[in-house]
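So the structure is just underneath, and the comments pick up after that.
Each reported figure results from applying straightforward, stated rules to the coordinates on display, with no laboratory input. This structure is a prediction, so every number in the text was calculated from the model and none was measured. Every residue, glycine among them, receives a Cβ derived from its backbone with ideal geometry; neighbour counts consider all protein chains shown.
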Amino acid sequence: MQHGSQVLFRNASLQILPGTKTGLVGSNGTGKTTIFRLITGEEEADKGDISCSKKTVIGYFSQDVGEMAGRSVITEVMSAAGDIVELGIKISAMEAEMAEPMEDEEMSDLLERYGECVEMFEQRGGYDLEPRAQAILTGLGISPHDFNSPVELFSGGWKMRIALAKILTINPDVLLLDEPTNHLDIESILWLEEWLRTEFKGALLMTCHDREFMNRIVTRIIEVANGCTTTYSGNFDFYLQEREIRRQQLEASFRRQQEMLAKEEEFIARFAARASHAAQVQSRIKKIEKIERIVLPPEQRTIKFNFPVPPRSGDDVLHLNNLGKSWTGHDGREIPVFSGLSGTVRRLEKIAVVGVNGAGKSTLLKSIIGDTEPTEGEIIHGAGVTTGYFSQHSMDLLRPEQTVFEAVQEYFPLEHIGTIRNLCAAFLFQGDDVDKRIANLSGGEKSRVILATLLGQPLNFLVLDEPTNHLDIQSRDVLLAALQKFEGTVILVSHDRHFLHSLVNRVFEIDHGDMRIYEGDYDYYLREASKKQPA
């Protein structure tokens, strides 16, 4: 498969077996989405075959949800199962036909077709289509009160959930999921994880930037790299370990081959002019010509950047005193978000703010940085606190006409060009990547530009709202390593559990307008919170 001058695949092979759960991994641009598009027939390979039974039903969830308008949420979700509905109508028509007198042979033929249709209808979940659609929507965080609301009232992120519900509802034989967790909160991610593990019986192939989600679901990994595909039997962590072992073995084989070739070439060079050794020389020339040369794949370089040590703040970075916030609704009524929030953020703490979708996590962060005024109570900032803030809206502040280098340099006008380039490289903008225009960057690349400018500044208090959204696993690892070494204070909202497990040492949970503080890491919070769950 070739796009212009770029060869995506050469002699690549992979197999999706019934009932398997497979993760598709690889750097951006290696061709993961192209594999989905080849399977669904949206693109055609230049060479090779894709074989699949004609009866196989394929469901594909991509980040491009298309237009949604003119239907209620539940009707939109069930519209994806039009063929199941048609099958139900066909079965009813056959049942009516059976009530009429006919020849034995004709009846036998009808019964056979009827049996096939009923089997397919049952397999695709035709008898519980609407209850299943409702259960999936609820699991993905859409309230039953909203089932009959027009889809056009929902934001892009909620439309993503509706699009995902459509694909899950049709219960396909093969489910292709391209970043299914991108717009989900932790509750919806946990529900989807459980559904894929226990309810879904078909084959799954997915890309996902959430390491923990991938680890809990997949039992195979297909890596797309260097124009080919490699299959590993195991979850994502196993793949990382096995890939490293295979790389070390390949490097050892490469070294042995290079040593052998050097000896052969030395012999040829030494005796090439001697008639007495002519036969041996020719024999060795033929031998090394036949040898298949081992090629080492390019190594992904990670650039070490020494982030500046921020100036020391006071021991108490922030005090929340009886903080409350409410919004004024369209009808003029006050809608409470939270009230009575009190607590202290201390220097060097890494705090996660958790809670269900709509609990007020982002509102709390906006109150802390002064983006919105609290309705009651107060926020007292400690001495010497310098604050940096990241949210999804931060990306809208980037100037489209600037290059990556110019956007970063703007924050550090006195720094050398080499320092700026190193900072860009630390966030995976290497070589010509620094000359890319902001207008041409993906959401993940824009996030990395903003995070580079934040962590490059001498700030001692970072307020981060979903910093891992749109970032691939490698980018998340870069950010995680930077925050682990960060000699300041962090308060963040994130739905990436691996990120939270690896970073935070304290948790603020907002629940039904109140805040509970857990004096321990994310594992401690999960243990303690599970004790409070009703039986």
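Search the structure for amide H atoms under 5 Å from the amide H of ASN460, placed 1.01 Å from N in the peptide plane, and list their residues when 5 or more places away or on another chain.
Here the answer is THR386, since their amide H atoms fall under 5 Å of that of ASN460.
Which of [x] 35.7; [y] 37.2; [z] 40.1 is the computed mean projected area of the Cα convex hull in nm² for the structure on display?
Derived directly from the coordinates: [y].
Report the calculated FRET efficiency for GLU378 and GLU244 (r = Cβ-Cβ distance, R0 = 41 Å), to the nearest 0.05.
With R0 = 41 Å, the Cβ-Cβ based efficiency is 0.20.
Under 22 Å Cα-Cα from LYS263, which lysines qualify once same-chain neighbours fewer than 8 residues away are excluded?
List returned: LYS286, LYS287, LYS290.
Only sites in a loop by DSSP and with at most 10 other Cβ atoms within 10 Å count here; which GluC sites (Glu not before Pro) in the stretch 272-366 make the cut?
Qualifying residues, ordered by number: GLU292, GLU299.
How charged is the neighbourhood of ASP210? Take every other residue with its Cβ under 10 Å from the Cβ of ASP210, and add Lys/Arg as +1 and Asp/Glu as -1.
0
Give me the lysines in straight-line cross-link reach of LYS54: C-alpha distance below 23 Å, same-chain residues under 8 apart excluded.
List returned: LYS21, LYS90, LYS166, LYS201.
As a test of the definition: which semi-axes, in Å, follow for the stretch 239-290 when you take the square root of five times each eigenvalue of its alpha carbon gyration tensor? Largest first, please.
One finds semi-axes of 35, 9, 5 Å for the stretch 239-290.
What number comes out for the charge environment of GLU76, summing +1 per Lys or Arg and -1 per Asp or Glu over other residues with Cβ under 14 Å away?
0
Mind checking the stretch 265-298 for trypsin sites (Lys or Arg not before Pro) that DSSP puts in a loop (not H, G, I, E or B) and that have at most 15 other Cβ atoms within 10 Å?
Here the sparse-neighbourhood loop sites are ARG274, ARG293.
If you add up the charges near LYS286, with Lys and Arg at +1 and Asp and Glu at -1, over every other residue whose beta carbon is less than 15 angstrom from its beta carbon, what do you get?
With Lys, Arg at +1 and Asp, Glu at -1, the net is -1.
Find how many whole Å separate the alpha carbon centroid of the stretch 81-159 from the alpha carbon centroid of the stretch 476-519.
Their Cα centres are 44 Å away from one another.
Go ahead and estimate [θ] at 222 nm for the chain from helices alone: -39,500 (n - 2.57) per DSSP H run with n ≥ 4, summed, over the residue count, rounded to 500.
For the chain, the value works out to -12500 deg cm²/dmol.
GLN2's amide H: which non-local residues (gap 5+, or another chain) put their own amide H closer than 5 Å, with H modeled 1.01 Å from N in plane and none for Pro or chain starts?
LEU8, ASP46
Excluding residues fewer than 8 places away in the same chain, name every one of the lysines whose C-alpha is closer than 25 Å to that of LYS350.
LYS304, LYS325, LYS361, LYS366, LYS446, LYS485, LYS531, LYS532
For TRP327, which sequence-distant residues (separation of 5 or more, or a different chain) have an amide H within less than 5 Å of its own amide H, given hydrogens modelled in the peptide plane?
ILE335, VAL337
If you filter the stretch 140-202 for GluC sites (Glu not before Pro), then keep DSSP loop positions with at most 15 other Cβ within 10 Å, what is left?
none
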